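Here's the structure we're looking at; comments come further down.
The values are calculated or read from the model by the stated rules, or taken from the named source; none is laboratory data. A quick note: this is a predicted structure, and the numbers were derived from the prediction, not measured. Heads up: the accessible areas ignore ligands, DNA and RNA and are worked out on the full protein's heavy atoms, side chains in. Shrake-Rupley method; radii C 1.70, N 1.55, O 1.52, S 1.80 Å.
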Amino acid sequence: MRGLSMVNSYLTLLLVYECVRCNFSILGLIPLLVVNAVLSFVLAAHINSRRKHCTVPVEAELVQSERREALRPPHRPVAMIHWTHDVWRYRWGDDVCFAEDTIPPLMSLFGPLVGIRRSGTIWVDPYRSPYATYGGVLSPDWRYHLRFYYATAVLCLLCAVALCMVALAGSALR
């Protein structure tokens with residue numbers, strides 16, 4: 001899901017930029033915007049399904065938070081898009097476990113998330129092994145991810161509607 005989240009974030013940036021740059025005149029972007037909105041809804045549904053399974057609150061500590069670069073042009077010293085990778089440490093029984101979280105580029109564009117500190121509550125699925133590579137933990141910022149996916153879906157659908165309205169207005173003027 002991390003890869004889908006990145007694709008969703010990059011596509012949202014690119015598609016909205018193209019819509020604005022071309023004054024909402026490229027009708028071929030409508031299917032891409034709708035597909036990206038559906039992808040946002042799928043990612044939000046994935047978080048909702050994990051929320052139903054992850055029912056045990058566990059105190060966790062942020063042990064690593066790094067900003068990673070993506071899409072750095074060769075002629076620029078600084079990358080155009082950054083994303084954040086967090087690692088949380090928590091105790092599960094007698095074991096110490098780690099959970100990773102990736103914050104998409106568009107979500108981390110506005111700086112650090114408000115309310116996320118060095119420690120927080122993660123939610124663990126009690127029926128899944130804590131050593132599973134993915135899916136057994138919800139990070140403290142899961143609400144931000146959920147709102148982000150809904151917001152990107154709405155943004156893509158609004159751009160698609162704007163493209164349709166401009167096309168209709170243009171055909172009415174002819």
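Put simply, of Ile30, Ile81, Ile47 the only residue that is of a type outside the set (Gly, Ala, Ser), at pLDDT below 85 and open to solvent by less than 80 Å² (accessible area, probe 1.4 Å) is Ile81.
Number of residues in region 112-129 that are open to solvent by less than 50 Å² (accessible area, probe 1.4 Å) and modelled with pLDDT of 65 or more: the value is 4. Scanning region 152-172 for residues that are open to solvent by 60 Å² or more (accessible area, probe 1.4 Å) and modelled with pLDDT of 85 or more, we see that the one that is nearest to Lys52 (Cα to Cα) is Val154. Of all the listed residues (Ser65, Ser9), the sole one being open to solvent by 60 Å² or more (accessible area, probe 1.4 Å), among the small types (Gly, Ala, Ser) and modelled with pLDDT under 85 is Ser65.
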